[in-house]
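Q: Below is the structure I would like to discuss, written out as structure tokens.
The values are calculated or read from the model by the stated rules, or taken from the named source; none is laboratory data. All of these numbers come straight from a predicted model, not from anything done at the bench. Note that each Cβ is placed from the backbone with ideal geometry, even for glycine, and that neighbours are counted across all protein chains shown. All accessible areas refer to the heavy atoms of the entire protein, side chains included, with ligands and DNA or RNA removed. Shrake-Rupley method; radii C 1.70, N 1.55, O 1.52, S 1.80 Å.
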Amino acid sequence: MTRLHTTLGALERSQLGLILPHEHVFVDLRTPDQPGYAEAEAADVIALMAPQIEAAKARGVTAIVECTTGGVGRRADIDLAVSKATGMPIVVPTGNYREPWIPAWVAAASQDELEAWMYAELTDGIEDTGVIAAWIKISAGDDGITPLEERILRAAARAAKRTGAIIGSHTIKGRVVMDQLDIIEAEGGSLERFISIHTQAEPDFELHKAVAARGAWIEYDNIGHGNDDEILPLILKALEAGLGPQLLLSHDLGWYDPAQPGGGVPRPYTHLSEWLLPALRDAGIDEATITQLTHDNPFNAYAR
């Protein structure tokens with residue numbers, strides 16, 4: 001039986017309902033060499049983000065996937081503190097973002113060293129938090145995968161193969177996603193354990209289908225970005241094309257930003273529940289499909 005590793009322990013499908021598969025609690029988009037990078041007090045993050053999480057809980061959200069990875073301010077200790085304060089399970093990744101958001105130690109590490117680091121976080125936990133990383137979050141540039149990004153990807157593919165963890169990649173261009181799938185395949189990895197994050201940013205719908213045809217998950221994660229008239233038809237198109245069993249839906253919103261005064265102004269995790277689900281029902285989508293999209297698919301993607 002697979003379980004979802006969270007800040008509140010490993011949970012079974014029966015313990016969970018609606019899961020948001022791509023959100024952020026804490027992000028720092030400054031590069032890791034900048035002064036003050038990823039620095040914040042847990043109490044300040046809780047004060048800003050707890051109301052957002054409580055609002056999501058009130059609308060049926062039972063777990064949130066934290067998509068902040070290495071290089072963009074991952075703080076598993078802060079995720080854990082927020083989770084304990086709110087009772088919301090948070091799903092934390094290992095891995096690292098794309099260039100130039102790569103710490104010096106990651107840039108200097110060998111492929112074997114990167115694999116060992118990810119494997120350790122996926123099995124023993126992140127730093128001294130006791131939080132087991134559930135998955136691997138990486139990225140690739142729009143113009144193609146750089147040699148350093150490829151080294152991180154190959155290490156991720158090997159760690160994923162050993163643990164069953166899924167890899168999710170912030171990759172905007174569908175053709176670059178296809179290159180990533182080639183590399184994972186060459187490493188002996190399962191393409192069913194890959195998420196094409198931000199798939200909606202690729203304008204060629206045929207590439208959405210092509211990525212899914214290879215077994216990977218696709219993710220439309222810009223719900224609540226003021227684009228209701230675009231995202232609903234895209235979701236319906238994907239369902240009509242038979243992509244529902246491999247489709248993830250989320251907001252890519254939040255978050256506490258230590259580069260902003262007071263952490264900035266967070267954006268809510270509620271538009272999916274408040275607007276999208278009623279809109280899907282109005283469009284004739286049945287409850288079994290809605291449950292698949294919002295309950296089953298996120299669990300099946302991230303659990304291992």
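Q: From (1) surrounded by 19 or more Cβ atoms within 10 Å (Cβ to Cβ); (2) in contact with a Ser or Thr (Cβ under 9 Å, 6 or more places away or on another chain), pick out the condition that doesn't hold for GLY141.
A: (1)
Q: Just need a number here: residues in segment 53-70 that are open to solvent by less than 40 Å² (accessible area, probe 1.4 Å) and in a helix (DSSP H, G or I).
A: 3
Q: Would you pick out the residues in segment 114-127 that are in contact (Cβ under 8 Å) with a residue 24 or more places away in the chain, among the acidic types (Asp, Glu) and open to solvent by 50 Å² or more (accessible area, probe 1.4 Å)?
A: GLU127 - this is the single residue of segment 114-127 that is in contact (Cβ under 8 Å) with a residue 24 or more places away in the chain, among the acidic types (Asp, Glu) and open to solvent by 50 Å² or more (accessible area, probe 1.4 Å).
Q: Just one of the numbered conditions (1) surrounded by fewer than 19 Cβ atoms within 10 Å (Cβ to Cβ); (2) part of a helix (DSSP H, G or I); (3) of a type outside the set (Phe, Trp, Tyr) is not true of GLY130; which one?
A: For GLY130, the exception is condition (2).
Q: Against the condition closer than 21 Å to SER139 by Cβ, at pLDDT 95 or above and of a type outside the set (Ser, Thr, Tyr), how does GLU66 come out, does it pass? Quick ask: steps written out before the conclusion?
A: Details: closer than 21 Å to SER139 by Cβ: yes; at pLDDT 95 or above: yes; of a type outside the set (Ser, Thr, Tyr): yes.
Yes: the conditions hold for GLU66.
Q: Select, from GLY73, GLY87, the only residue that is small (Gly, Ala, Ser) and open to solvent by less than 40 Å² (accessible area, probe 1.4 Å).
A: On the way: GLY87 fails: open to solvent by less than 40 Å² (accessible area, probe 1.4 Å).
Just a single option satisfies the conditions, and that option is GLY73.
Q: Right, another one. Residues being of a type in the set (A, V, I, L, M), more than 22 Å from MET49 (Cα to Cα) and out of contact with any strand residue (DSSP E or B) (no Cβ under 6 Å at 6 or more places or on another chain): count how many of those fall in segment 248-288.
A: Here is the first cut: in segment 248-288, the ones of a type in the set (A, V, I, L, M) are 248-249, 253, 259, 265, 272, 276-277, 279-280, 283, 285, 288.
Retained after the next criterion (residues that are more than 22 Å from MET49 (Cα to Cα)): 248, 276-277, 279-280, 283, 285, 288.
Cutting the leftovers down to out of contact with any strand residue (DSSP E or B) (no Cβ under 6 Å at 6 or more places or on another chain) gives us 276-277, 279-280, 283, 285, 288.
Qualifying residue count, segment 248-288: 7.
Q: Okay, next question. Keeping to segment 133-143, report how many residues are closer than 16 Å to LEU11 by Cα and either of a type outside the set (Gly, Ala, Ser) or outside any loop (DSSP other than H, G, I, E, B) (or both).
A: Pass one, segment 133-143, residues closer than 16 Å to LEU11 by Cα: 133-135.
Right, trim to either of a type outside the set (Gly, Ala, Ser) or outside any loop (DSSP other than H, G, I, E, B) (or both) and you get 135.
Residues that pass the stated criteria total 1.
Q: If you go through segment 1-40 one residue at a time, how many are closer than 28 Å to HIS225 by Cα, outside any strand (DSSP E or B) and charged (D, E, K, R)?
A: 3
Q: Right, another one. Does segment 29-52 hold any residues that are among the aliphatic types (A, V, I, L, M), surrounded by fewer than 17 Cβ atoms within 10 Å (Cβ to Cβ) and over 24 Å from ILE102 (Cα atoms), and which are they? Spell out how you get there, then give the answer.
A: Quick first cut of segment 29-52, residues among the aliphatic types (A, V, I, L, M) only: 29, 38, 40, 42-43, 45-50.
Narrowing further to those that are surrounded by fewer than 17 Cβ atoms within 10 Å (Cβ to Cβ): 29, 43, 47, 50.
Those that are among the aliphatic types (A, V, I, L, M), surrounded by fewer than 17 Cβ atoms within 10 Å (Cβ to Cβ) and over 24 Å from ILE102 (Cα atoms): ALA43, ALA47, ALA50.
Q: Something else: Could you please find all residues in segment 141-175 being farther than 15 Å from TYR97 by Cα and of a type in the set (Val, Ile, Thr)?
A: THR163, ILE166
Q: I'm told ILE167 meets every condition in (1) under 22 Å from ASP143 (Cα atoms); (2) open to solvent by 50 Å² or more (accessible area, probe 1.4 Å) except one. Can you identify the failing condition by its number?
A: Unmet condition: (2).
Q: Might you check whether a residue that is touching a residue at least 12 places away in the same chain (Cβ under 8 Å) and open to solvent by 30 Å² or more (accessible area, probe 1.4 Å) occurs anywhere in segment 17-28? Don't jump to the end; show me each part of the working.
A: Within segment 17-28, the subset touching a residue at least 12 places away in the same chain (Cβ under 8 Å) is 17-28.
In the following step, the residues that additionally are open to solvent by 30 Å² or more (accessible area, probe 1.4 Å) were identified as none.
Checking segment 17-28: not a single residue is touching a residue at least 12 places away in the same chain (Cβ under 8 Å) and open to solvent by 30 Å² or more (accessible area, probe 1.4 Å).
Q: Restricting the search to segment 90-113, which residues are open to solvent by 20 Å² or more (accessible area, probe 1.4 Å) and either small (Gly, Ala, Ser) or outside any loop (DSSP other than H, G, I, E, B) (or both)?
A: At the first step, the residues of segment 90-113 found to be open to solvent by 20 Å² or more (accessible area, probe 1.4 Å) are 97-105, 107-108, 110-113.
Result: ALA104, TRP105, ALA107, ALA108, SER110, GLN111, ASP112, GLU113.
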